[in-house]
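Asks: My questions will all concern the structure given below.
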Amino acid sequence: MLIGTTSDVAPSEITPKSVYLRRRVLLGRALAMGLIWPLLPARAQAVEARKLPGRPGPFSTTEKQTPYKDVTTYNNFYEFGTGKDDPAIYAPKMKTRPWAVTVDGEVKRGGLFGIEDLLKLAPMQDRVYRHRCVEAWSMVIPWVGYPLAELIKRVEPTGRAKYVAFTTKLDPETMVGTRLPMLDWPYVEGLRLDEAMHPLTLLTFGLYGEVLPNQNGAPIRVVVPWKYGFKSAKSIVRVTFTEQQPKTAWNEAAPNEYGFYSNVNPKVDHPRWSQARERRIGVDGFFTPKHKTLMFNGYADQVAGLYAGMDLKKFF
Ligand SMILES: Nc1nc2c(c(=O)[nH]1)N[C@H]1C(S)=C(S)[C@@H](COP(=O)(O)O)O[C@H]1N2
Ligand SMILES: [Mo]
């Protein structure tokens, strides 16, 4: 009669059945993918590769979404030209791999973050936000991303950090617009640390369930939905934590027109545009701006507290 086991394999080396079965399933899937992948037509493969699914996130509006075509062909991305259709024409040439984001300044765990790691840092969420440009047009866009706060918590700002500055890509080779001194390139933007940490502020990688088209700020941008669109910097390469309020591209170019805060505010007009109303792209006609602009772009319940006691006419 055999007592115990005579096997000379240590128990730790024996794979439990559940693990073994799971491995078989995973192996099967990998094999299936490997076998099926080359058989898929190129277009289907391209669509598959662009997919960026998210789980439903908070704060989404149920308003009618701006069609994908408008979201991706009516853009402001001055690095590629000043025309609304320039970014869709020129941005596809921009290389978005390899891509890394430098995190530096007043942080304990800064460094270089590769885009593949950033994509995996937190679960992707779908968030449908109103998007209000300072030029009095707006859209409703289903973004994919996760709160910027997820990254900020991981890099541990020091006690001196009060602001977050974003520096964006500057590649004169593909960014034909940067050959003209429209702005002081690279495009820079910034937020107060509490604004950057706010759960509405989205580190954004996709829209309409797919990775961002280049013209929308691939491969990584921020979206700050209660502020005018220009605060939502595209194609970010550096995130710097600072003690002093950072310079921002539009404020440097025209300080009387673009303030640091730039919260959507129907009561504070831009010298060239009334901010009381907005034209919803793909919904409203050109000469009939129908939509009333809402305080903080409709996110007052979430963000008004950030500005308690501040004169919003002075800090515009
Ligand atoms: N790097 C960079 N980011 C930018 C801009 C830009 O010109 N360069 N334009 C801003 C403006 S004015 C707006 S309205 C939004 C437009 O984003 P969208 O084209 O994805 O709608 O991007 C913002 N981010
Ligand atoms: Mo804008």
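Asks: If you check residue 195 against the conditions, is it of a type in the set (Asp, Glu) and open to solvent by 10 Å² or more (accessible area, probe 1.4 Å)?
Replies: no
Asks: Of the residues that make up the range 211-219, is at least one away from ligand 1 (no atom under 14 Å from the Cβ) and surrounded by fewer than 23 Cβ atoms within 10 Å (Cβ to Cβ)?
Replies: The answer is no; no qualifying residue exists.
Asks: Just one of the numbered conditions (1) more than 16 Å from ligand 2 (Cβ to nearest atom); (2) open to solvent by 10 Å² or more (accessible area, probe 1.4 Å) is not true of residue 127; which one?
Replies: (2)
Asks: Tell me whether the range 270-290 contains one or more residues that are polar (S, T, N, Q), surrounded by fewer than 17 Cβ atoms within 10 Å (Cβ to Cβ) and within 16 Å of ligand 2 (Cβ to nearest atom).
Replies: yes
Asks: When you go through 157, 147 one by one, which is the residue that is assigned by TED's automatic domain parsing to the domain that holds residue 78, farther than 30 Å from residue 266 by Cβ and open to solvent by 10 Å² or more (accessible area, probe 1.4 Å)?
Replies: Selected residue: 157, the only one of 157, 147 that is assigned by TED's automatic domain parsing to the domain that holds residue 78, farther than 30 Å from residue 266 by Cβ and open to solvent by 10 Å² or more (accessible area, probe 1.4 Å).
Asks: Are there any pairs with C-beta distances below 6 angstrom linking a residue in the range 50-69 that is closer than 17 Å to residue 297 by Cβ to a residue that is part of a loop (DSSP other than H, G, I, E, B) and among the hydrophobic types (A, V, I, L, M, F, W, C), with the two at least 6 apart or on different chains, and if so which?
Replies: Cβ pairs passing all conditions: 59/200; 66/281.
Asks: Considering only the range 148-250, give the strands (runs of 3 or more DSSP E) lying wholly within it that have at least 1 residues that are within 16 Å of ligand 2 (Cβ to nearest atom).
Replies: Answer list for the range 148-250: 163-168, 188-192, 202-207, 221-223.
Asks: If I filter the range 260-267 for residues that are part of a loop (DSSP other than H, G, I, E, B) and either surrounded by fewer than 16 Cβ atoms within 10 Å (Cβ to Cβ) or at pLDDT below 95 (or both), do I get at least one hit?
Replies: Yes, some residue in the range 260-267 is part of a loop (DSSP other than H, G, I, E, B) and either surrounded by fewer than 16 Cβ atoms within 10 Å (Cβ to Cβ) or at pLDDT below 95 (or both).
Asks: Right, here's the next one. Looking only at the range 223-246, which residues are basic (Lys, Arg) and under 12 Å from residue 192 (Cα atoms)?
Replies: 231
Asks: Here's a follow-up. If you check residue 138 against the conditions, is it within 14 Å of the chain's Cα centre (by Cα) and within 16 Å of ligand 2 (Cβ to nearest atom)?
Replies: When the stated conditions are applied, residue 138 does not pass them.
Asks: Looking at (1) touching a residue at least 12 places away in the same chain (Cβ under 8 Å); (2) of a type outside the set (Gly, Ala, Ser); (3) within 16 Å of ligand 1 (Cβ to nearest atom), find the lone condition where residue 124 falls short.
Replies: (3)
Asks: Return only the number of the condition from (1) over 14 Å from the mean Cα position of the chain (by Cα); (2) modelled with pLDDT of 95 or more that residue 181 does not satisfy.
Replies: (2)
Asks: Please pick out the residue among 129, 90 that is farther than 21 Å from residue 55 by Cα and touching a residue at least 12 places away in the same chain (Cβ under 8 Å).
Replies: 90 is the lone residue from the list that is farther than 21 Å from residue 55 by Cα and touching a residue at least 12 places away in the same chain (Cβ under 8 Å).
Asks: How do the pairs read when you match residues in the range 208-219 that are free of Cβ contacts under 8 Å to residues at least 60 places away in the same chain with residues anywhere that are open to solvent by less than 10 Å² (accessible area, probe 1.4 Å) and of a type in the set (Ser, Thr, Tyr), using Cβ under 8 Å and keeping only pairs 6 or more apart or on different chains?
Replies: Within 8 Å, the pairs are 212/204.
The values are calculated or read from the model by the stated rules, or taken from the named source; none is laboratory data. Predicted model, so just to flag it, every value in this text is computed and none were measured. Backbone-built Cβ (ideal geometry, glycine too); neighbour counts: all protein chains shown. For the accessible areas, the whole protein counts, side chains as well, though only heavy atoms, and no ligand, DNA or RNA atoms are used. Shrake-Rupley method; radii C 1.70, N 1.55, O 1.52, S 1.80 Å.
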